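The values are calculated or read from the model by the stated rules, or taken from the named source; none is laboratory data. Values in this document were obtained by computation on a predicted structure and should not be read as measured data. Positions of Cβ are backbone-derived with ideal geometry, glycine not excepted, and every protein chain shown enters the neighbour counts.
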């Protein structure tokens, strides 16, 4: 019998993980309005942008301006991805106090994505962590936790090694990423059971891409396994340029709708989310993959 | 901890439940090719058409021709929806030996959809059942099991009453339908637990529409609750004319992909399903809502 909690936390990563994959540049003012809508909707965490060099991700090259212009309501962590010391300097100058760091559980993906080995990435993260202002809250992303397009299966021992290394370095929370959406409810169940002895679940988040439509099903398996933090991206932002029509992250409003229906409290205002999804969809001039946006704006079908 | 079976059965209902909602008429030859592809893919059941009067569902007005032209491989039940005695006569003349019957758990929906009360529908079903050729296999659909757009919540006692009435009348299998996609994993868990004392689970199927993207998550809850038969529609056919972009049934290939990944055997050939989904998508000249079709035809996103 499914074990379900009273409440969970939803972390909104769309402005960073979603918009970094948009082919067309999104104007800074649009990003700022989107982020302000999201922080007002009740999330405990919104990932605002990335201080990766604009040569690599020009879509987020305006991180400084975005951080300067957004509202900073109390109680919302406003995160930035920081890839290295240079990024950390930029983040510090922008007044960022919530930092996301990145490493892959797949050696091949880590080398292709970050141009260094996993151990080099961990050393790099240690360097950034050692340099943080006191009180900075940190989140460590582990990608390819449920399989890798280069390596196929990723041994759960590799996931455990990378995740515990991050915790040992002092990262506050680990977000385990199904980066290509190949996870399934059984693998979530089995991996979380295997990882639980090493990873305190209260410091673990799950991050599902919805490429194969399984993200909500995987989240149910994660809930049942005791995870209490889940990432989403408004509208399902983050469609991959190499897989037209494929979704990026699970659409946050789909996730919140499901949790609301289940009586699992999130503290997030679903109506505000639907409005935010409709807003960014209109600005991007394309249909986003989220499902609930369509249902909420349409009518029921009784056929 | 999620309880998962070794194998399940997937029933393909797209040619009937999907195509009946298509605004444009689908040529008989296209239906026949689609159905032949589906029966060849390994399903134990394919719902071929409906003998509802063509005045009400002109999309399926060619049921006789379709039944005449399709392959009938051994081991596949080829079902037809039969609404009344006149439909039963047509079905019998067409050589149909697998009959699906329909009733709602919601009185208001039953009256709006079928123009009679639930009890009148049950009497009507009894009349059809009494007239069947010996050896005919029957499936009873109960719709609005997880909520109704007219009545809101549908008491689980009403579901139990209708479903047990169908079983008492001799229907072989009950398919409990989330007709508008408002079910959620908790309601599936709780309803199945409430119904289990009255309904032998080996005679129960679950039928989820994916309007809010929760169908696969609901199926995980159904698996965990002990259900072993699930309905799907190839490509996610069945989008509702009143909710543009909303999905109809869960896309069968998405479901089979998830079960394959989970190591739950279905006996269905996923590659053949993707081909069938691509075939009907091309013929319908519109993008179908299934997710895996896009992922299978695209490339992985590694960002």
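Against the conditions (1) crowded, with 24+ Cβ neighbours inside 10 Å; (2) modelled with pLDDT under 95, residue A:242 satisfies every one except (1). Scanning region B:58-80 for residues that are crowded, with 18+ Cβ neighbours inside 10 Å and in contact with a helix residue (DSSP H, G or I) (Cβ under 6 Å, 6 or more places away or on another chain) yields B:59, B:60, B:62, B:66, B:70, B:76, B:80. Exactly one residue out of A:64, A:47 is over 25 Å from residue A:8 (Cα atoms) and modelled with pLDDT of 95 or more, and it is A:64. Restrict the check to region B:181-195 and report whether at least one residue is touching a helix residue (DSSP H, G or I) at 6+ places or on another chain (Cβ under 9 Å) and in contact (Cβ under 8 Å) with a residue 60 or more places away in the chain. So far as region B:181-195 goes, yes, one or more of its residues are touching a helix residue (DSSP H, G or I) at 6+ places or on another chain (Cβ under 9 Å) and in contact (Cβ under 8 Å) with a residue 60 or more places away in the chain. No other residue among A:199, A:169 is closer than 30 Å to residue A:214 by Cα, in contact with a helix residue (DSSP H, G or I) (Cβ under 6 Å, 6 or more places away or on another chain) and in contact (Cβ under 8 Å) with a residue 12 or more places away in the chain apart from A:199.
Scanning region B:225-237 for residues that are buried (at least 24 other Cβ atoms within 10 Å of the Cβ) and part of a helix (DSSP H, G or I) yields B:234, B:235, B:236. Inside region B:217-226, residues that are in contact with a helix residue (DSSP H, G or I) (Cβ under 6 Å, 6 or more places away or on another chain) and more than 7 Å from chain A (Cβ to nearest Cβ) make up a count of 4.
Restricting attention to region B:286-297, does a residue exist that is within 28 Å of residue B:30 (Cα to Cα) and at pLDDT 95 or above? First the steps, then the outcome.
Kept after step one, since they are within 28 Å of residue B:30 (Cα to Cα), are these residues of region B:286-297: B:286-297.
Those still in the list that are at pLDDT 95 or above too: none.
So far as region B:286-297 goes, no, none of its residues is within 28 Å of residue B:30 (Cα to Cα) and at pLDDT 95 or above.
Remark: pairs (first residue in region A:1-26, away from every other protein chain (no Cβ under 13 Å) and surrounded by fewer than 18 Cβ atoms within 10 Å (Cβ to Cβ); second residue at pLDDT 95 or above and not in a strand (DSSP E or B); Cβ separation under 6 Å; 6+ apart in sequence or on different chains) = A:9/A:44. Answer with yes or no whether residue B:221 is over 17 Å from the mean Cα position of the chain (by Cα), buried (at least 24 other Cβ atoms within 10 Å of the Cβ), more than 14 Å from residue B:291 (Cβ to Cβ) and modelled with pLDDT of 95 or more. For residue B:221, the condition - over 17 Å from the mean Cα position of the chain (by Cα), buried (at least 24 other Cβ atoms within 10 Å of the Cβ), more than 14 Å from residue B:291 (Cβ to Cβ) and modelled with pLDDT of 95 or more - is met. Looking at region B:191-213, which of its residues are buried (at least 19 other Cβ atoms within 10 Å of the Cβ) and over 16 Å from the mean Cα position of the chain (by Cα)? Scanning region B:191-213 gives B:191, B:192, B:195, B:199, B:212, B:213.
Within region B:37-54, being over 14 Å from residue B:65 (Cα atoms), more than 14 Å from chain A (Cβ to nearest Cβ) and either touching a strand residue (DSSP E or B) at 6+ places or on another chain (Cβ under 7 Å) or buried (at least 16 other Cβ atoms within 10 Å of the Cβ) (or both) holds for B:37, B:38, B:39, B:41, B:42, B:43, B:44, B:45, B:46, B:47. Scanning region A:254-267 for any residue that is at pLDDT 95 or above, surrounded by fewer than 19 Cβ atoms within 10 Å (Cβ to Cβ) and more than 9 Å from chain B (Cβ to nearest Cβ) turns up at least one such residue.
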